[in-house]
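The values are calculated or read from the model by the stated rules, or taken from the named source; none is laboratory data. Keep in mind that what you see is a predicted model, and the values were worked out from it rather than measured. Neighbour counts run over all protein chains shown; Cβ positions are idealised from the backbone, glycine included.
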Amino acid sequence: MPLIMIQMVCGLSEKELKILYKISYKGRWCDKHINIEDLLSGNPKHLIGEYRKAIENLMRNKWLRSYKSQGRNDVCIEKKRRNEVIEIFKAHEKEYDFIKNMAFIR
């Protein structure tokens, strides 16, 4: 079955938006970073490949910066995109259940 990612007006798929939300929820704005495997955990196993592809797309489009840290592959959200990411969350807050609380973003 081909991989289909639906793009929103902001240009991000729902899976990409979930990844950005999880990273920002954990406060991993560059220079703090998070392991890619931690980002993939908690998602249905049959969708892990799609979430991995979403992370690759975010890195390719300069939303995420990758790090090699202690033998792991880590990522963080570029600080220059912080306000843009917050605005995207606000725009989709009512649309997606996983965007629950914007007060955590600091």
* Output the residues belonging to the range 56-102 that are within 14 Å of L12 (Cβ to Cβ), out of contact with any Ser or Thr (no Cβ under 9 Å at 6 or more places or on another chain) and aliphatic (A, V, I, L, M). => L58, L64, I88, A91, I99
* To do: Keeping to the range 27-55, report how many residues are in contact (Cβ under 8 Å) with a residue 60 or more places away in the chain and within 13 Å of L12 (Cα to Cα).
  => 0
* Out of all the residues in the range 40-47, is one or more closer than 20 Å to D97 by Cα, at pLDDT below 95, among the hydroxyl-bearing types (S, T, Y) and surrounded by fewer than 17 Cβ atoms within 10 Å (Cβ to Cβ)? -> yes
* Kindly provide the set of residues from the range 54-96 that are touching a Cys at 6+ places or on another chain (Cβ under 6 Å), charged (D, E, K, R) and in a strand (DSSP E or B), ordered by number. => R65
